[in-house]
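Some notes on the structure that comes next.
The values are calculated or read from the model by the stated rules, or taken from the named source; none is laboratory data. This is a predicted model, so every value here is computed, not measured. A quick note on method: Cβ atoms are made from the backbone with ideal geometry, for glycine too, and the neighbour counts reach across all protein chains shown. The accessibility values were calculated without ligands, DNA or RNA, using every heavy atom of the protein model including side chains. Shrake-Rupley method; radii C 1.70, N 1.55, O 1.52, S 1.80 Å.
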Amino acid sequence: MTQTLREIKVAKTKQLIRDTFVELIEEKGFESISVRDITMKAGLNRGTFYLHYQDKYDLMEKNQTEILVGLKDAMKDMNPSDLFEHYSNDLKYPPIIKVFEYLTENARFIKVLISSKGDPAFPKKMKNILKTALYEKLVKLIGTENSLTIPYEYSTAFISSAFFGVIEQWFEKDVPHTPEEMAVVHLKIVKFMSQILGGMVK
């Protein structure tokens, strides 16, 4: 559907506010930022800001939600059985490449959100998306083949936190590897994790 000129203008304004917001968090940390800081740096009047957001907390919440909804959407085609089939043959799994492409597109914002200057609650929100979109299903698949000796909730927390740690490290180095290269890293990690979990049998 074709966007109207107004919709295009609104989208550009919101993007400008987000970009400015990220820059200020990088410089000063979220808690030190004011709406005045954002509008002055973006060259906007306060009225324009308040047309879209109630305050800086609303700005943070809405942009986090947008990022997380996008991540969930990027993971919607992931199927544990298909993933295992690809990985058992040492093949990259196309849906995981899509996930890393999405993370690359939003790397700057996600990186600042998970940093000490961002929101301490965001990493948990992101890990929950990773866990529910893939790793809960993955652990269930492993558990179907093997009777695991560790409780389900701990094994899912373990593997999803491990993947989050990989993403965090990747961002820390300013995404030095391409999504395709990270798909290979993910392949090796999942095979390693499945060997560990598969070994924890009764």
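For the reader, a short list of remarks on this structure follows.
- When region 55-106 is reduced to its Cα atoms, the Kirkwood hydrodynamic radius in Å: 12.5
- Part-to-part distance (alpha-carbon centres) for region 59-106 and region 1-50, which is given in Å: 27
- Taking every protein chain into account, the accessible area of the chain amounts to 56 square angstrom per residue (probe 1.4 Å).
- Per-residue 3J(HN,Hα) values for region 81-91, derived from phi via the Karplus relation 6.51 cos²θ - 1.76 cosθ + 1.60 with θ = phi - 60°, read 5, 5, 4, 5, 4, 5, 5, 5, 9, 6, 10 Hz in sequence order (x marks Gly and Pro).
- Environment charge of Ile159, counting only residues whose C-beta is closer than 13 Å and scoring Lys/Arg +1, Asp/Glu -1: +3
- Cβ-placed point charges (K, R +1; D, E -1), dipole of the chain about Cα centre in debye, nearest 20: 400
- Equivalent-ellipsoid semi-axes of the chain, from the Cα gyration tensor, Å, largest first: 38, 18, 15
- With Cα atoms, 0 to 90° folded angle of helix 136-145 axis to the chain main axis: 0
- Surface composition of region 48-202: carbon and sulfur make up 54 percent of the accessible area, probe 1.4 Å.
- Ellipsoid fit via the Cα gyration tensor, region 1-53: semi-axes of 23, 12, 8 Å, each the root of five times an eigenvalue, largest first.
- Region 11-121 - convex hull of alpha carbons, volume per residue in Å³: 114
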